[in-house]
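The values are calculated or read from the model by the stated rules, or taken from the named source; none is laboratory data. Quantities reported herein were computed from a predicted structural model and do not represent experimental measurements. Ideal geometry is used to build each Cβ from the backbone, glycine not excepted, and the neighbour counts take in all protein chains shown. Heavy atoms of the whole protein, side chains included, go into the accessibility calculation; ligands, DNA and RNA do not. Shrake-Rupley method; radii C 1.70, N 1.55, O 1.52, S 1.80 Å.
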Amino acid sequence: MSDGGASPIGRPLDRVDGPLKVTGGAKYAAEFDPRALCHAVIVQSTVPAARAARIDAREAEAAPGVVLVLTHRNAPKLPKAGRAAVNPPAGREISVLQLEGVRYNGEPIAVVVADTFEHARDAASRVKVSYERTPAQLDFEAAKKDLHRPEKAGRSPPDKSWGNADKAIAEAEVRLDATYTTPYEHHNPMEPHGTVARWEGEKLTLWDSTQYVSGVRETVSKTLGIPAENVRVVSPFVGGGFGCKGSTWSDVVLAAMAAKAAGRPVKLVLERPQMFGPVGGRPRTEQHVVLGAMRDGRLVGLRHDVISHTSRFEDFVEPSAQPTRALYACPNGATTHRLVKLDLGTPTFQRAPGESTGTFAIECAMDELAEKLGLDPVELRLRNHADTEPDTGQPWSSKKLRECYADAAKRFGWERRNPGPRSMRDGNILVGWGMATATYPAHLMPSQASATLMPDGIVVVRAGTQDIGTGTYTVMTQVAADALAVPVDLVRFELGDTRLPKAPISGGSMTVSSVGPAVQAACTELRRTLARQDGAWLSAVDDEGRRSAFRALAARQKAPVEAHGEAHPQTEDEQQQKFASRSWGAVFAEVRVDPDLGIVRVPRIVATYSVGRLLNRKTGLSQLQGGIVWGVGMALLEESLLDPATGRYVNENLAEYHVPVNADIGAIDVAVVDENDTRFNPLGIRGIGEIGITGVAAALANAVYHATGRRIRDLPITLDKLLPLAENR
Ligand code: MOS
């Protein structure tokens with residue numbers, strides 16, 4: 001508590017793990033190096049469907065340095081054929097060498113272990129496979145004739161309707177009916193998935209890059225049929241997750257199996273192309289949106305029907321209609337989710353699943369409707385502002401979306417916009433301004449934490465959560481220091497280990513809202529215990545006084561003093577009976593389009609968010625900015641290109657799978673409105689991990705329309721879709 005004892009909450013504290021990261025001292029999963037470590041490489045199928053893959057490993061086994069080659073023929077038979085942990089969408093259908101056949105191109109079918117990575121890779125190239133092929137469905141359009149209705153869409157039913165949407169739309173004065181599509185996309189954190197597995201007798205240690213250490217322990221122990229207490233998962237640093245490291249995929253279990261078979265520790269790191277298929281990705285979507293409104297702009301009915309792809313063997317649903325159920329006060333609505341099954345790897349959660357793709361469709365549709373009505377796009381949204389959750393009628397725990405529109409519009413200069421398409425120019429360049437609403441649900445899960453005063457005056461605070469690059473170490477240090485009323489340098493936060501108190505997955509933007517209250521509870525408990533002895537540090541007037549009084553108190557202890565905290569706040573179910581909780585934002589974007597070349601540049605984006613309280617202005621705003629950067633990628637660049645003949649993504653590398661680089665990103669100006677949502681969470685926060693990407697693709701598509709008069713409803717907005725643009729000059 002520097003600044004004369006002011007609370008550290010909200011301050012732009014530098015990352016406490018920053019020095020370790022910039023000096024190389026932060027150890028990532030693949031950098032753990034137990035004695036006698038050997039190296040594993042996965043062999044992938046090269047066909048999309050086969051009844052049998054006949055594997056001839058003789059040449060590979062004879063190659064230099066090879067320890068073993070594991071295939072479905074010699075792999076141990078696992079309980080329930082490797083399916084003991086399957087519980088979609090958390091426990092995935094993975095490929096752990098229990099099947100003779102092939103279910104998608106790129107499926108793991110063998111693992112080669114050797115003394116060096118180079119030897120393993122060389123030997124992997126010598127594994128010969130012949131396939132007894134079966135027909136594969138790789139055509140999304142053709143597969144649409146076999147739509148099926150999944151059991152759930154995210155946490156909700158696949159279909160939800162209120163009022164009578166079709167009747168209301170038929171009676172509406174103005175209608176908008178359009179179909180939007182988003183392509184196959186794949187997560188590409190800088191650090192690919194990586195695991196080091198070591199057995200000591202029956203005890204397994206996994207150093208793994210994961211968003212969920214307890215989840216890895218559960219999946220691996222169940223899949224292998226061993227007690228959970230025999231598995232320890234360690235993950236102190238993660239080089240990005242974004243959803244792909246939220247589930248435990250084949251590679252983690254295969255590393256454990258290979259280490260067991262080899263009798264030596266094994267390292268298994270995915271190569272970049274292996275990120276495109278066996279570890280999820282964003283499903284392709286086709287979204288049909290129908291809006292019916294009265295001339296004054298009031299929505300009277302809406303439909304949002306979503307089709308997304310999944311694999312042949314597991315349902316994963318992209319819940320794109322989820323935002324539409326929450327965004328606008330419309331008395332009649334109908335939303336559905338349907339799946340097409342393709343012979344591809346199962347897709348998964350990818351930053352803001354549902355909301356990223358869904359806001360693209362609904363927020364473009366709102367822009368199109370605004371034009372039909374001759375209304376300003378912001379005004380149309382204000383006229384349909386949802387004061388309560390539309391499909392349930394519940395009040396919001398806190399919502400400051402109106403303030404977001406006003407603040408971002410003002411900072412952007414929206415009132416200077418000429419509403420006509422192709423009305424703004426800078427020399428030859430077409431200038432467009434567009435906007436959209438951002439939204440993401442607020443979640444929380446039970447969590448535990450502990451706080452231990454050490455004799456040197458440091459409080460070690462522990463929770464088995466993860467820092468996937470988001471700043472968990474830093475903000476938990478702030479929460480702990482605030483609850484203890486000590487300077488932040490007296491707190492050391494530890495995470496990323498199943499030996500620590502149990503915490504939930506770092507996904508669904510809920511790490512801070514779930515773990516924060518547990519840390520707060522543990523530290524409050526420790527403070528009470530210590531204050532009963534000597535509360536002198538609490539009345540000190542500045543940081544220096546607090547530090548020395550607290551250290552003196554610590555030095556008098558004969559042993560470490562430990563306290564535990566638990567936050568099973570209100571469970572989400574109880575909480576949801578009273579209030580609906582969601583985060584919101586308004587995104588305004590400027591694009592500049594070259595009419596001859598079709599190139600779209602994004603000089604600036606201005607956004608304001610209603611996300612509850614920000615625990616750290618620096619990491620928080622940076623997180624929102626990062627989400628916007630990904631939104632630019634989603635709008636203009638990202639697309640995994642599927643070869644319809646082979647079922648392989650042909651641009652499975654960062655040279656051809658385009659993501660924004662510095663030169664693609666202009667000024668990104670983000671702000672949050674002052675808010676403290678204590679109805680949702682004792683810390684007043686709602687989570688910021690995912691909302692940043694939402695709304696951005698729509699704001700950019702709307703800006704491109706405004707610049708060019710061309711409505712592109714299929715992402716990404718590449719120049720081939722825009723050209724020719726010169727005809728109206
Ligand atoms: Mo997030 S896509 O829930 O990791």
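Key figures for this structure:
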item	result
Protection-proxy order for peptides 44-52, 434-442, each taking the mean of Cβ atoms within 10 Å per residue, highest first	434-442, 44-52
Quotient of Cα Rg and 2.2 N^0.38 Å for region 166-267, N being how many residues it contains	1.67
Of Thr477, Ile688, Ser450, farthest towards positive along the dipole that unit charges on Lys, Arg, Asp, Glu beta carbons give the chain	Ser450
Per-selection Rg to Rh, region 1-59 - Cα, Kirkwood hydrodynamic radius	1.37
Debye intensity ratio I(q)/I(0), log10, the chain, q values 0.05, 0.07, 0.10, 0.11 Å⁻¹ (C-alpha model)	-0.26, -0.51, -1.02, -1.19
Nearest-20 debye value, region 227-353 charge dipole, Cβ charges on Lys, Arg, Asp, Glu	180 debye
Packing rank of 537-543, 683-689, where each peptide gets the mean count of other beta carbons within 10 Å, highest leading	683-689, 537-543
Calculated on alpha-carbon atoms, Rg and Dmax of region 526-568 in Å	11.7, 35
Alpha-carbon gyration tensor eigenvalues x 5, square-rooted, for region 82-148, Å	29, 19, 11
Rg/Rh for region 582-671, where both radii come from Cα atoms and Rh is the Kirkwood radius	1.07
Å³ per residue enclosed by the Cα convex hull of region 690-729	64 Å³
Accessible surface of the chain [probe 1.4 Å, protein heavy atoms]: carbon and sulfur percent	51 percent
Restraint check, Lys578/Lys618; Lys160/Lys578; Lys144/Lys399, Cα-Cα greater than 27 Å	Lys578/Lys618; Lys144/Lys399
Accessible area of Asp594 in the full protein assembly, 1.4 Å probe (Å², nearest 10)	40 Å²
Rg(Cα) / (2.2 N^0.38 Å) computed for region 513-663, rounded to two decimals	1.73
Cα Rg, Dmax (largest Cα-Cα span) when computed across region 22-120, Å	16.1, 50
Computed Rg/Rh of region 454-599, alpha carbon atoms with Kirkwood Rh	1.17
Viscosity 0.692 mPa s, temperature 37 °C, Stokes-Einstein D of region 630-729 from Kirkwood C-alpha radius, µm²/s	197 µm²/s
Viscosity 0.692 mPa s, 37 °C: Kirkwood-radius Stokes-Einstein D of region 294-371 over Cα pairs, µm²/s	240 µm²/s
Mean Kyte hydropathy of -0.5 or more with a Cα span along the axis of at least 30 Å, helices from DSSP in the chain	511-533
Column: log10 I(q)/I(0), Debye, Cα scatterers of region 270-323, q = 0.18, 0.24 Å⁻¹	-0.73, -0.97
For region 345-460: span of alpha carbons on each principal axis (Å, largest first)	69, 41, 40
D (Stokes-Einstein, µm²/s), Kirkwood Cα radius, region 90-230, 1.002 mPa s at 20 °C	102 µm²/s
Region 201-349: equivalent-ellipsoid semi-axes (sqrt of 5 x gyration tensor eigenvalues, Cα, Å)	42, 16, 13
Rounded to the nearest 20 debye, dipole of region 419-548 from Cβ charges on Lys, Arg, Asp, Glu	420 debye
Sorted peptide list for 9-18, 462-471, criterion being average Cβ within 10 angstrom, highest first	462-471, 9-18
Dipole axis of the chain (+1 Lys, Arg; -1 Asp, Glu on Cβ), positive-most option in Gly301, Val460, His385	Val460
Cα-based equivalent ellipsoid of region 225-272: semi-axis lengths in Å, sorted from largest, via gyration tensor	20, 15, 11
Shape box of region 189-248 [Cα atoms, principal axes, largest first, Å]	34, 18, 14
Percent antiparallel among DSSP beta bridges (both partners in the chain, rounded to 5)	75 percent
Check: the chain dipole with +1 on Lys, Arg Cβ and -1 on Asp, Glu Cβ, in debye	840 debye
Of Lys245/Lys721; Lys222/Lys260; Lys245/Lys502; Lys267/Lys341, pairs whose Cα-Cα distance is over 23 Å	Lys245/Lys721; Lys267/Lys341
Solvent-accessible heavy-atom area per residue, rounded to whole Å², over the chain at 1.4 Å	36 Å²
